[in-house]
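Structure first, commentary second.
The values are calculated or read from the model by the stated rules, or taken from the named source; none is laboratory data. Owing to the predicted nature of the structure, the values given are computational and were not obtained by experimental measurement. Backbone-built Cβ (ideal geometry, glycine too); neighbour counts: all protein chains shown.
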Amino acid sequence: MRIFLLTIVFLMPLAMPAQTDTIMQKNNIEVLKAEAARKAAEAKAAAEKAQRAAEEALEAARKAERAAQEQRKAAKGWTIPAETPTKTKESKTPSTQKVNEDEAYLAGAVPEVNGKAVFNERFALPGMTAAEVYQKTYSLLTAQTHDEHQATGSRIVLVNENEHTIVGKYCEWLVFNSSLLSLDRTKFDYTLIAHCEDNAIALTLCRISYAYEENRSSGFKASAEELISDSVALNKKRTKLFKTNGKFRKKTIDRVNEIFKTLQTNLK
C-alpha cells in the first residue's frame, strides 16, 4: 500500500504539464476565433458603408440631372425661327415593281402609336455633335418647305436650340396621276419633328391629314387614321389593299420614305 501511494505522488507532477498545455491550446483557439469574428464584422461594416456611399452618390447624380432639366425648362428655349430659303438635293425612291407590288404596303406598313399614325426613323451620324446635326438639319428642313412637293403654308414652326429640336409643319401635294387631260392629287398635311443628338438624329412624322378634291362634290377631308391605317385600308385577311384607301396609303408611305432617305443622304 505504501508503495502504491508513493507511485501516485511521483506521477502527479508529470500529468499536470499535459493538462496545462491542453488548456492553453483551447484558449489560443478561442482567441483566434474571436479575432476572426471581429475582422469579419469590420469587413461587413466597411462593405455596408461603401454601399451607402454609392447609393448616396447615385441619388445626388439623379438630383443634379433633374435640377438641370428643370433649369432647361425654365429657360423656355422654344422660339419661332425666321424663314431662309435654301436648296437641297433630293433622294428619289425607286418605283415599286409590279410583281408583289402591294407587299411593302400591307399590315404594319403604317405604324401606330396610341391609335395614331406615326412614322419614326433614327440613323447614326458618326463624328457629328448635336449642335452640328441641329444646324444642318435646320437648313435641310427649311429647304424642304420650298421644294416642288409643297402646296401652301409649309414652314418651320418651332425650334429649341437648347434641346436641339426642330418642328416643321408641311402642306404638300401627293400626285396620284398626271396627264394632259387630268390631274389626280391630294393635299397632304403633316408635322415633322427632328431631335438632334451627338452622332445621331431621331425623326418623327405625325399628325397626317388629307384634303382631296376640295372644290368637287366627291371631295373629302380625312386623317391618316381614317384613311390609311391597317383597320380601314386592308381586307380582313390583310392580304390586299382597298382601292381608294390603297392609293392614299401607298403614296403616303412612298413620300415618308423619300423624306427620311433625303434627310439621311444630305446629313451624311
Test of understanding: among LEU192, LEU141, LEU180, LEU174, which residue is within 24 Å of THR244 (Cα to Cα), buried (at least 18 other Cβ atoms within 10 Å of the Cβ) and among the aliphatic types (A, V, I, L, M)?
LEU174
Scan TYR212, TYR138, TYR190, TYR170 and give me the residue that is over 21 Å from PHE119 (Cα atoms), of a type in the set (Ser, Thr, Tyr) and modelled with pLDDT of 95 or more.
TYR212
Could you list, in sequence order, all residues of the stretch 156-171 that are crowded, with 18+ Cβ neighbours inside 10 Å, under 16 Å from LEU205 (Cβ atoms) and not aliphatic (A, V, I, L, M)?
THR165, GLY168, TYR170, CYS171
Could you please find all residues in the stretch 221-242 being touching a helix residue (DSSP H, G or I) at 6+ places or on another chain (Cβ under 9 Å), closer than 25 Å to TYR170 by Cβ and either part of a strand (DSSP E or B) or among the aromatic types (Phe, Trp, Tyr) (or both)?
ALA222, LEU241
THR204 being loosely packed, with under 14 Cβ neighbours inside 10 Å, out of contact with any Pro (no Cβ under 9 Å at 6 or more places or on another chain), in contact (Cβ under 8 Å) with a residue 60 or more places away in the chain and more than 23 Å from GLU103 (Cα to Cα):
no
Output for the stretch 161-204, where each listed residue is part of a strand (DSSP E or B), farther than 26 Å from ALA222 by Cβ and either over 19 Å from the mean Cα position of the chain (by Cα) or among the charged types (D, E, K, R) (or both):
GLU197
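Residue by residue, here is whether (1) touching a strand residue (DSSP E or B) at 6+ places or on another chain (Cβ under 8 Å); (2) under 17 Å from ASN177 (Cβ atoms); (3) in a loop (DSSP other than H, G, I, E, B); (4) among the charged types (D, E, K, R) holds:
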position: TYR210; (1), (2), (3), (4): yes, yes, no, no
position: THR244; (1), (2), (3), (4): no, yes, no, no
position: LYS247; (1), (2), (3), (4): yes, yes, no, yes
position: THR252; (1), (2), (3), (4): yes, yes, no, no
Report yes if TYR210 is closer than 20 Å to SER229 by Cα, surrounded by 14 or more Cβ atoms within 10 Å (Cβ to Cβ) and free of Cβ contacts under 8 Å to residues at least 24 places away in the same chain, otherwise no.
no
Is it the case that some residue within the stretch 207-214 is closer than 24 Å to SER139 by Cα and not small (Gly, Ala, Ser)?
yes
From ARG238, ARG255, ARG207, ARG249, which residue is within 25 Å of ASN114 (Cβ to Cβ), charged (D, E, K, R) and within 21 Å of the chain's Cα centre (by Cα)?
ARG207
All but one of (1) surrounded by 14 or more Cβ atoms within 10 Å (Cβ to Cβ); (2) at pLDDT below 95 hold for LYS221, so report the exception by its number.
(2)
